[in-house]
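The block underneath contains the structure these notes are about, expressed in structure tokens.
The values are calculated or read from the model by the stated rules, or taken from the named source; none is laboratory data. The model shown is predicted, which means the values in this text are computed figures rather than measured ones. Here the Cβ positions follow ideal geometry from the backbone for every residue, glycine too, while neighbour counts run over all protein chains shown. The protein model used for the area step is the full one, side chains on, heavy atoms only, and it has no ligands, DNA or RNA in it. Shrake-Rupley method; radii C 1.70, N 1.55, O 1.52, S 1.80 Å.
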Amino acid sequence: MKVAIRKSILENMLINTQSYLEKKDLSQITAHLFMSAENDNFILKASDYEMGLQYTTHEVKIVNEGMATANGKKFLDVIKGLREDDIILETINDYLYIKQNSSKFKLPMFNPTEFPKFPTIDEKSKLQINSTYLVKSLKKIANTIDTNNPKYELNGALIDIKEKNINLVATDTRRLAIVKMENEIEDTFSIIIPKKAINEIQKLFFDTIEMFYDQFTLIAKSKNFIFYTKLINGKFPDYERIIPKNINFRLLLSRDKMLASLKQIAIISNEIKITFKTNNIVFESLNSDNTEAKTEIEFKTGLDEEIVLALNARYILDFLSNVDEENFTLAYNDSGLPFILENNEFITIVMPITL
Amino acid sequence: MKLHMDLDCYFVSAERTRYPFLKNHPVVVVKGSDKHIFAHTKKEGVILGDSGAFNSVLEFRNHYDTGDILNEWKKEFIDADGSIHGIVIAKSYEAKRFKIKTGTPLKEALYMCPHLIVLPSDHLFYQTLSYKLKLFLESKIPLLEQYSIDEFFGDIKGWISKEDTLEFIVHLQNEILEKFDLPISIAACKSKWVAKLATDTIKPYGCKVIEDTQIQAFTNPIKIEDFPGIGRAIERRLKSYGIETLEDAKRVPAIFASYGKTGRELYARIQGEDCELVLPSRVRKGIGISRNFAALQERGEIQRRVLILARYLSFTIARLDLKPTTFYMKIRYQYGVKSAKSITIDRLFNESFFTKLTQELLRELDIHRGYKIHFIALSATNCVDRYNPKSLSILDFTKDAKNAKLMQGLTKIRNKYGVDMITYGKEMAGIL
């Protein structure tokens, strides 16, 4: 393989593929990036077996077609150190040479044919969802996804496609976030996408994409890239059971005012007690080390009796960070019972703190 | 001044209160396996008030023949083949002279002292007596903390002046002997832990006041391993630096500081500067239940026993209104092999959840299927409360809340009619 490519183009491709690399065991081929030059295309691939990204560019001069691999991190470091100009990539005797003017680097390669194969789109169904909206909605529930839960299915977000609507669901067992979307799809099914894949998808979606899926894999494709992730095989908890059916009180609250007060108290403690009184809302820290924080805002709640909520402030802050509008709703039944934060189609059900 | 009150050879003294003829004889109290808890016959579990952090809430009524108490132990500890089992858990000072210690197997103890008097333990009696003593002490001391079944801390600051302390404790000691027939040793000092150290040096039946100026001189010669709070790990580390006594230890605050907050607190205790308070009602950190029994191969029976222990523990937890989230289980096999695991699950505690969890843990822990099991322990800690707030699992909340309500109902019935009023069908296994 021998190609010439502009530094800025190559660097951009390399930066986008870094998070897919194996970083601990450098003897693995997945610590390397795969590249190939054929039919006027220069392709870069990275994969950790669980998910992968393929980047394609036409802006390349191909002298010889062929394949190569190189340690992804080192490759990027080398390219960063070069000037904005054409860079020559050439394979000679199982080594990748990187050249620019009088500078020359030599990196060892693995056998490129051993690089993990990417899944193909053949026979996979197309996901008929507005992808931009899907990705935006996934972002709202992303911080509610659990990490390292021995129940694997909780380490991902559920896309539950039902007859009338689509629910995107995530839970870390203390709270449950749902975004409801309208359904444009006919068949009903559900898939669980790993958290890491959701974080990576957020970085990629800047142009129109198509999505394909089967039982095991989800593929997202655009003009320049193909992204794939393996899906989590498991049974997501029956989340609809958790959504309270009846609500006793609903309070329409100001996002900014709540946010400011919560942040103040959270400096001292994440565990917070909020008392909704008739004319004001009082925020207090709940901790045992003799420090205290207290603030209040004036707010006509219209309540006859006080409502007291003990909760983890982070859960409301996470919710509010995904609310763009001025107001949101807090729906409440009784202390000790789960309460709901609502903003249009986005809701989070939170388990209060037990004292 | 703070007091430490430590009953002298408590279990033996307790037995002597009802069998005075045991006085001045070498006596040991021996613990055998619990014959009641796993029996298929009707049990008489007795629920005790929550009288202190170390006292279990549930004990079983024994039916020893009080007229022939000296021979009762033979039924308990001599097997059909004539072999003797059981472990000494308390000894009188007369028995101590024969080098019998707590933990000595009964068989050895009988070799050491052939005319030894042996009694089977009766924890229900000891608990009840200890509770009566506690009530009495509460009427005499403004702040009282029960530290274990036979130890109490008291704070008499503002009640008795420093000068009158010795007179007060001597009087108290006499009163306890007169009223309860129980010998007790009492030490007073400004530090709880130094007072506790002091009672060990004055036993049996001693009284001592350590003035502030005497603290250093008193603690200096004490061996580090005798200090409460210095465990084996710290002891080994200190000894590797050639530190043998508290005097040596006082010179090396840096070693203690390396253990963080616990280490610094321990160092303050050694200096007698801990200022730790007497805590009349300490927050219960956790609760457990464990039983030894003749080694068993049959796994179905082991499952049944785990279920029974889980039911008892769960009842106790419900009664104390605790919400534990960390659970521990340990099984011991023959040949000294053991297997244990601790797991934290943030769910609302209920009996249904707990009995299932313990069965799962048993399956996981039982790694030597060919070995016999002779010991099971369960404990529950990390309780959710004001000082340990937690959000519990939302996924199981509906189910758990329902089961917790059911457990409250069960507890009501068991409180009224006895803990064994409602049992599991599976507990009948083996008799049908």
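Normalised radius of gyration (Cα atoms, divided by 2.2 N^0.38 Å) for the range B:142-280: 1.11. Of the residues B:GLY229, B:GLY158, B:GLY263, the one that moves most in a GNM of chain B with alpha-carbon contacts below 10 Å is B:GLY158. Amide H contacts of B:ASP420 (H built 1.01 Å from N, in plane; Pro and chain starts excluded): B:GLY45 sit under 5 Å, all sequence-distant by 5 or more or on other chains. Within a straight-line Cα-Cα reach of under 20 Å, A:LYS124 can be paired with the following aspartates and glutamates, leaving aside sequence neighbours fewer than 8 residues apart in one chain: A:GLU50, A:ASP160, A:GLU184, A:GLU186, A:ASP187, A:GLU210, A:ASP214. Along the range B:223-239 the Karplus relation, 6.51 cos²θ - 1.76 cosθ + 1.60 evaluated at θ = phi - 60°, assigns HN-Hα couplings of 5, 4, 5, 8, 8, x, x, 8, x, 5, 5, 5, 4, 4, 5, 4, 5 Hz to successive residues, with x for each Gly and Pro. Adding -39500 (n - 2.57) for every DSSP H run of four residues or longer, then dividing by how many residues chain B holds, sets the calculated 222 nm ellipticity at -11500 deg cm²/dmol. Mean per-residue shielding of peptide B:394-405 is 4, counting Cβ atoms of other chains within 10 Å of each Cβ.
The listed peptides A:262-273, B:395-406, B:213-224, ordered by packing as a protection proxy, come out as A:262-273, B:395-406, B:213-224 (highest mean of other Cβ atoms within 10 Å first). Close amide-amide hydrogen proximity is noted between B:ILE87 and B:LYS31, B:LEU106, each under 5 Å apart and 5 or more residues distant or on a separate chain (H modeled in the peptide plane; Pro and chain starts excluded). Here the dipole of chain A is about 840 debye; that uses its Cα centre as origin and unit charges on the Cβ of Lys and Arg (positive) and Asp and Glu (negative).
If you build a Gaussian network model of chain B, linking Cα atoms that sit under 10 Å apart, which residue out of B:ALA310, B:ALA294, B:ALA380 swings the most? Top of the fluctuation ranking is B:ALA294.
Cut-off 17 Å, label point 7 angstrom out along Cα-to-Cβ of A:ARG314: give me the residues of the range A:131-155 whose amide nitrogen falls inside. Once the point is set 7 Å along Cα→Cβ of A:ARG314, A:141-150, A:155 turn out to lie under 17 Å by backbone N, inside the range A:131-155. Helix content alone sets the calculated 222 nm mean residue ellipticity of chain A: runs of n ≥ 4 DSSP H residues at -39500 (n - 2.57) each, divided across all residues, give -5000 deg cm²/dmol.
Backbone geometry of the range A:238-247 corresponds, through the Karplus equation with coefficients 6.51, -1.76 and 1.60 at θ = phi - 60°, to 3J(HN,Hα) couplings of 6, 6, 5, 5, 7, 6, x, 7, 10, 10 Hz, x marking Gly and Pro. Over the range A:1-159, consider all pairs of different Cα atoms and compute the Kirkwood hydrodynamic radius from their mean reciprocal separation; express it in Å, one decimal. Taking the inverse mean of 1/r over all distinct Cα pairs, the range A:1-159 comes out at 17.5 Å. Consider all pairwise Cα distances in the range B:195-242 and report the whole-number % of them above 12 Å. Roughly 68 percent, once rounded to a whole number. Could you check which residue among A:GLY81, A:GLY156, A:GLY66 shows the biggest mean-square fluctuation in a GNM of chain A with a 10 Å Cα cutoff? Of the options given, A:GLY81 has the highest mean-square fluctuation. Relative protection proxy for A:186-195, B:360-369, from highest mean packing down: A:186-195, B:360-369 (other beta-carbon atoms within 10 angstrom). The H on the amide N of A:VAL63, modeled in the peptide plane, is under 5 Å from the matching H of A:LYS2, A:VAL3, A:ALA4, each at least 5 residues off or on a different chain. Shape of the range A:150-191 from its Cα gyration tensor (a ≥ b ≥ c, root eigenvalues): rounded if a/c is under 1.5, otherwise prolate when a/b > b/c, or oblate? Oblate, because a/c is 1.5 or more while a/b does not exceed b/c.
Placing pseudo-labels 7 Å out from each Cα toward the beta carbon at B:LYS405 and A:GLN202 gives an inter-label distance of 3.9 nm. Using only side-chain charges placed at the Cβ, +1 for Lys and Arg and -1 for Asp and Glu, the dipole size of the protein assembly as shown relative to its Cα centre rounds to 1380 debye.
When only Cα pairs below 8 angstrom with a gap of at least 6 residues are kept, chain A shows a relative contact order of 12 percent. So for chain A, what percent of the C-alpha to C-alpha distances run longer than 27 Å? Result: 56 percent of Cα pairs exceed 27 Å. Considering only B:VAL252, B:SER240, B:GLY263, and ranking their Cα positions along the charge dipole of the range B:220-276 that arises from unit charges at the beta-carbon of Lys, Arg, Asp and Glu, the one farthest toward the positive end is B:SER240. Using the Cα gyration tensor of the range B:244-313, with a ≥ b ≥ c the square roots of its eigenvalues, what is the shape: rounded (a/c below 1.5), prolate (a/b larger than b/c) or oblate (neither)? It comes out prolate by the Cα gyration axes.
Highest mean packing first, where packing is the average number of other Cβ atoms within 10 Å per residue, the peptides B:146-157, B:72-83, A:248-259 line up as B:146-157, A:248-259, B:72-83.
The Stokes-Einstein estimate for the range B:89-130, based on a Kirkwood radius over Cα pairs and taken at 37 °C with 0.692 mPa s viscosity, is a diffusion coefficient of 294 µm²/s.
Neighbouring Cβ atoms from other chains, within 10 Å of the Cβ of residues in B:77-88, number 0 on average. A simple rule links phi to the HN-Hα coupling: the Karplus curve 6.51 cos²θ - 1.76 cosθ + 1.60 with θ = phi - 60°, which for the range B:130-147 gives 4, 5, 4, 5, 4, 4, 5, 4, 4, 7, 10, 10, x, 10, 10, 10, 7, 9 Hz, with x for Gly and Pro. Counting, for every residue in A:169-175, the Cβ atoms of other protein chains within 10 Å of its Cβ and taking the mean gives 4.
Pairs spanning more than 23 Å between alpha-carbon atoms, out of B:LYS101/B:LYS203; A:LYS23/A:LYS203; A:LYS24/A:LYS104; A:LYS80/A:LYS104; B:LYS157/B:LYS208; A:LYS61/A:LYS99: A:LYS24/A:LYS104.
At 0.890 mPa s and 25 °C, plugging the Kirkwood radius over alpha-carbon pairs of the range A:209-355 into Stokes-Einstein gives what diffusion coefficient in µm²/s? Answer from the Stokes-Einstein relation: 139 µm²/s. Taking the range A:299-339 and a reference point 7 angstrom along Cα→Cβ of A:ASN279, the backbone N atoms nearer than 11 Å belong to A:299-300. Do any of B:LYS96/B:LYS162; B:LYS341/B:LYS399; B:LYS250/B:LYS330 go past 27 Å between their Cα atoms, and which? With Cα atoms farther than 27 Å apart: B:LYS96/B:LYS162; B:LYS250/B:LYS330. Residue separation of A:GLU59 and A:ILE92 scaled by 0.36 nm, minus their Cα-Cα distance, works out to 9.6 nm of gained length. Placing +1 on the Cβ of every Lys and Arg and -1 on the Cβ of every Asp and Glu, with no other charges, gives the range A:2-114 a dipole of roughly 440 debye about its Cα centre. Tally up the carbon and sulfur contribution to the accessible surface of the protein assembly as shown as a whole percent, 1.4 Å probe, everything protein left in place. Reported share for carbon and sulfur atoms: 50 percent.
So for the protein assembly as shown, considering every pair of alpha-carbon atoms, how many percent are separated by more than 44 Å? Summing the P(r) tail past 44 Å for the protein assembly as shown gives 49 percent. What is the range A:1-75 by shape, rounded, prolate or oblate, if you read a ≥ b ≥ c off the alpha carbon gyration tensor as root eigenvalues and call it rounded for a/c under 1.5, prolate for a/b larger than b/c, and oblate otherwise? Prolate, because a/c is 1.5 or more and a/b exceeds b/c.
Rg then Dmax, both in Å and based on the Cα atoms of chain B: 23.5, 70.
The residues of chain A expose, per residue, 49 Å² of accessible area to a 1.4 Å probe.
Buried accessible surface for the B/A pair, both sides summed and rounded to the nearest 100, is 1700 Å² with a 1.4 Å probe.
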